[in-house]
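Some notes on the structure that comes next.
The values are calculated or read from the model by the stated rules, or taken from the named source; none is laboratory data. A quick note: this is a predicted structure, and the numbers were derived from the prediction, not measured. Every residue, glycine as well, gets a Cβ built from its backbone with ideal geometry; the counts of neighbours run over all protein chains shown. Protein only, heavy atoms only, side chains kept; ligands, DNA and RNA dropped before computing areas. Shrake-Rupley method; radii C 1.70, N 1.55, O 1.52, S 1.80 Å.
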Amino acid sequence: VTAADGEPSGARGLLRDLAREVGDEHVLAEPDLLAGYTTDWTRRYAGGALCAVRPGSAGQVAAVLRACAGYSAAVVPQGGNTGLVGGSVPPGDGSRGRGVVVLSTRRLRDLGPVDPLAAQVTAGAGVTIADLRAHAAAAGLAYGVNLASRESATVGGTIATNAGGINTIRYGATRSQLLGIEAVLADGSIVSRLSGLAADNVGYDLAQLLAGSEGTLAVITTARLRLWPAEPAAVTLLAGVDGIAAAAALHAEIRALAPGLRAAEYVEAAGVELVRELTGLPAPLSRPAPAYLLAEISGSADEAERLAALPSLARAAVAMDAAGRAALWAYRERHTEAISALGIPHKMDVAVPLARIAAFRAELDQAVRAAANGAGGAGPAPRVFVFGHIGAGNLHVNVLGPDPADGTVDEAVMRLAAVHGGTISAEHGIGRAKAGLLHLSRSPAEIAAMRAVKAALDPGDLLNPGVLLPG
Ligand code: FAD
Ligand code: MLT
Ligand code: ZN
């Protein structure tokens, strides 16, 4: 840290100022206490920080930002640290001479009473999605976002990444749940609009601007969120299919019959085998299939029975009780963990139009091989795992083999998605991982507009420099 007046003892001064604002016990500078805040979930991204600081209120967040600005230190906001694109941890290549402070929101855990009239709730940024979902369920309502990282991922982190997940096709991504926000801007000012008015049409929508801003525009401290009528799942099914085209077609067939389709997920045999090795689960079906569609439908028992009778579901495992449903979900939700158990994967999160998804999949393995081994094609074959939220056209492409520090394979997959009319990020965001490839999905004019917003709200580049927008 360089102090504002060039004082070399700036680091010590900043630590002292932070401790004065939030209390000694909430400024973690010891390497063993700090480690969990400076390496991400994937282990692919890590960097050094002066400390992690844990403010307990919006006022303390404001004080932390002012103190860091005074010492020109960069601030990395962090929630559950489950992000997969390197945006929640300091940069590995230093911070252009600036000190870095990780600002953890985990103490911002206030959860207000559910408002049954409006079907809304106010939640602190550090509330986990699992706690929020349980809170809504206790009031007979549901929160629309659900994802496998629910036990750790936070309200603030999911807003900052505009997280998707397994129910996006029914309820939309996180931005569709967001009705109001309290956040601290880089200059320490607090903006707050938590009334949740369904009709409120006054100028720019700051809450929506912060959805997907990845910690680069403000620190989110509280959110007003939409809740939905609880819809018990009628049936979950895992159907064997011949490949991705068949999975996409079956998902459309089910959707036409069951308007309550709330999840349509895709896995392939290689990934299912890996999950089975990790978990000891039995084969999902008596006859193995090259790929599987996992679908979940809410609705009446009649609807469930009509579906189960579809000839195209002859090869499906069907569950109508909670334990059976959880068992089927494990084949899908434990992919992330099973792949990471083998090494540090290259994790891509693309979406392509459903009409192009089979063409994308057909070209993918060759594109990965060529990128991993160079034009000559020699060398060990990388292992490619494909799974994801097929109803949203969102495929997770995970590649094991190439050096985690080498982004060639990542770029090849994202270019292929772009060629097929897709996007480089369906739900995980851009982070540090894809900042240099923003131009594949956004025009120069769009990037210039984003830069103008960043410069207006954070002229000193205090918040998450190097994330989302290339340096
Ligand atoms: P973090 O990882 O801590 O941070 C993520 C980003 O948000 C960073 O850029 C950070 O700076 C910023 N940020 C965090 N909190 C704030 C705040 N209060 N104010 C401003 N900026 C902030 N993602 C999906 O979209 N769909 C999935 O289905 C999905 N499944 C997953 C399954 C597993 C097993 C894992 C490990 C991850 C999964 N993810 C998924 C990724 C991850 O859970 C999401 O990106 C999630 O939104 C991150 O939330 P977090 O609280 O952990 O945020
Ligand atoms: C998922 O859908 O399981 C997540 O987005 C996590 C991942 O991509 O590994
Ligand atoms: Zn996902």
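Which of the helices (runs of 4 or more DSSP H) found entirely inside segment 135-214 contain at least 2 residues meeting this: among the aliphatic types (A, V, I, L, M) and touching a Pro at 6+ places or on another chain (Cβ under 6 Å)?
By residue number, no helices (runs of 4 or more DSSP H) qualify.
Against the conditions (1) without any contact (Cβ under 8 Å) to a residue 12 or more places away in the chain; (2) open to solvent by less than 20 Å² (accessible area, probe 1.4 Å), where does Ala326 fall short? Just the number, please.
Every listed condition holds for Ala326 apart from (2).
Could you list all residues from segment 284-312 that are open to solvent by 10 Å² or more (accessible area, probe 1.4 Å), part of a helix (DSSP H, G or I) and not basic (Lys, Arg)?
The answer is Ala301, Asp302, Glu303, Glu305, Ala308, Pro311, Ser312.
Can you name every residue in segment 111-148 that is more than 23 Å from Glu333 (Cβ to Cβ), within 16 Å of ligand 1 (Cβ to nearest atom) and either of a type in the set (S, T, N, Q) or more than 22 Å from the chain's Cα centre (by Cα) (or both)?
Listed by number, the list holds a single entry, Thr122.
Taking segment 159-181, which residues are touching a helix residue (DSSP H, G or I) at 6+ places or on another chain (Cβ under 6 Å) and touching a residue at least 40 places away in the same chain (Cβ under 8 Å)?
Ile159, Asn162, Ala163, Thr168, Ile169, Leu178, Gly180, Ile181
Applying the selection to segment 65-80, what residues are in a loop (DSSP other than H, G, I, E, B), in contact with a helix residue (DSSP H, G or I) (Cβ under 7 Å, 6 or more places away or on another chain) and away from ligand 2 (no atom under 16 Å from the Cβ)?
Tyr71, Ala73
Restricting attention to segment 142-184, and to residues there that are more than 22 Å from Gly36 (Cα to Cα), of a type in the set (A, V, I, L, M, F, W, C) and open to solvent by 30 Å² or more (accessible area, probe 1.4 Å), which single residue is nearest to ligand 3 (Cβ to nearest atom)?
Ile169
Cβ-Cβ distance below 8 Å, separation of 6 or more or different chains: which pairs start in segment 427-453 with a residue that is open to solvent by 60 Å² or more (accessible area, probe 1.4 Å) and end on one that is more than 16 Å from ligand 1 (Cβ to nearest atom) and β-branched (Val, Ile, Thr)?
His439/Ile447
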